[in-house]
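**Q** This is the structure I want to talk about, given as structure tokens.
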Amino acid sequence: MDITLENLKIRHGNFLLHADLTIKNGTTAIIGPSGGGKSSLVLAIAGFDKPAQGRVLFDHTDLSKTAPAQRPVTLLFQENNLFPHLSVFQNTALGLRSNLKLSRAQTDQVENALSRVGLSNMGARLPGALSGGQRQRVALARALLRDKPVLMLDEPFAALGPALRHEMLDLVAEIRAAQNATLLLVTHNPDDARRIAESTILVADGQAMPPLPTKDLLENPPPALRTYLGT
């Protein structure tokens with residue numbers, strides 16, 4: 001699914017971010033300095049942040065006034081938003097039914113999703129008994145069950161060590177390919193973009209730049225990115 005931001009302007013007090021670009025199906029990273037508007041951009045796409053101007057189109061359909069729950073988007077944050085009193089299985093099952101009343105087929109779907117992220121024997125555990133990486137796997141399994149054509153990750157693995165972060169990025173890339181989803185990855189780490197993103201959007205100086213091939217952008221960074229990277 002392609003996403004077009006048509007003359008989009010996001011305003012918060014004195015802060016203004018402008019975006020006029022199209023994101024193609026595949027994996028696109030979003031990088032830039034802290035406070036530059038990376039999270040505001042994905043929140044506007046998901047419908048949680050109302051733009052001051054412009055439109056958000058999914059495959060040429062204007063969903064700018066559509067409620068977040070009705071948009072074809074799943075958004076995963078660094079804070080994985082698991083309910084501490086619910087088991088791993090129940091937290092995952094929320095991706096299918098908010099009342100947790102599942103059919104046999106839906107129960108199988110939850111178990112398959114947990115297996116896919118490497119948690120097949122942990123459904124009965126509570127989140128407090130899991131490591132940080134395991135909690136992110138639960139959140140990812142829940143996102144899988146939502147089965148939306150657009151998956152957006154807002155710094156979900158920033159607190160993980162390099163080896164585990166790479167493992168999770170590779171898992172996300174594998175899932176994206178299997179579902180043929182459009183993946184947007186907000187990250188402060190250019191290595192994350194290099195690892196899985198074909199294209200990258202730089203958000204800096206009040207502007208979300210149109211996506212460029214990741215390799216080209218990082219090897220020939222514009223001044224704003226050069227300053228951010230310290231090169």
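Bear in mind these aren't lab numbers, they're just calculated from the coordinates by the rules spelled out. Only a predicted model underlies this, so the values are computations on that prediction, with no experimental measurement involved. Cβ atoms come from the backbone with ideal geometry, glycine included; neighbour counts cover every protein chain shown.
**Q** Starting from the Cα of K148, draw a straight line to each of the lysines and keep only those under 19 Å, dropping any in the same chain fewer than 8 residues away.
**A** Those lysines meeting the cut-off are K24, K65.
**Q** Let me ask something additional. Quickly work out the A163-to-D191 label distance, labels modelled 7 Å from Cα along the C-beta direction, and quote it in nm with one decimal.
**A** 1.3
**Q** 7 Å from Cα along Cα→Cβ at both R11 and T231: what's the point-to-point distance in nm?
**A** Distance between label points: 3.6 nm.
**Q** May I pose another question? Under 16 Å from the 7 Å Cα→Cβ point of A52, by amide nitrogen: which residues of segment 191-216?
**A** 205-208
**Q** Rounded to the nearest 500, what is the chain's calculated 222 nm mean residue ellipticity when only DSSP H runs of at least 4 contribute -39500 (n - 2.57) each, over all residues?
**A** That comes out to -10500 deg cm²/dmol.
**Q** Given the options G35, G161, G13, which has the most mean-square fluctuation in a GNM of the chain, springs set between C-alpha atoms less than 10 angstrom apart?
**A** Its mean-square fluctuation being the largest, the pick is G13.
**Q** Which FRET efficiency value, to the nearest 0.05, do you get for A69 and D205 by plugging their Cβ-Cβ distance into 1/(1 + (r/R0)^6) with R0 = 41 Å?
**A** 0.80
**Q** Out of the DSSP beta bridges found with both residues in the chain, what percent are antiparallel (nearest 5)?
**A** Within the chain, antiparallel bridges account for around 50 percent of the total.
**Q** Using 0.36 nm per residue of separation minus the Cα-Cα distance, give me the extension gain between S120 and R104 in nm, one decimal.
**A** 4.1 nm
**Q** Just how far, in whole angstrom, is segment 20-35 from segment 174-231 if you go by their alpha carbon centroids?
**A** What the calculation gives is 6 Å, centre to centre.
**Q** A follow-up question, please. Taking only Cα atoms, what is the 0 to 90° angle, nearest 10, from helix 104-116's long axis to the longest principal axis of the chain?
**A** Once rounded, one gets 60 degrees.
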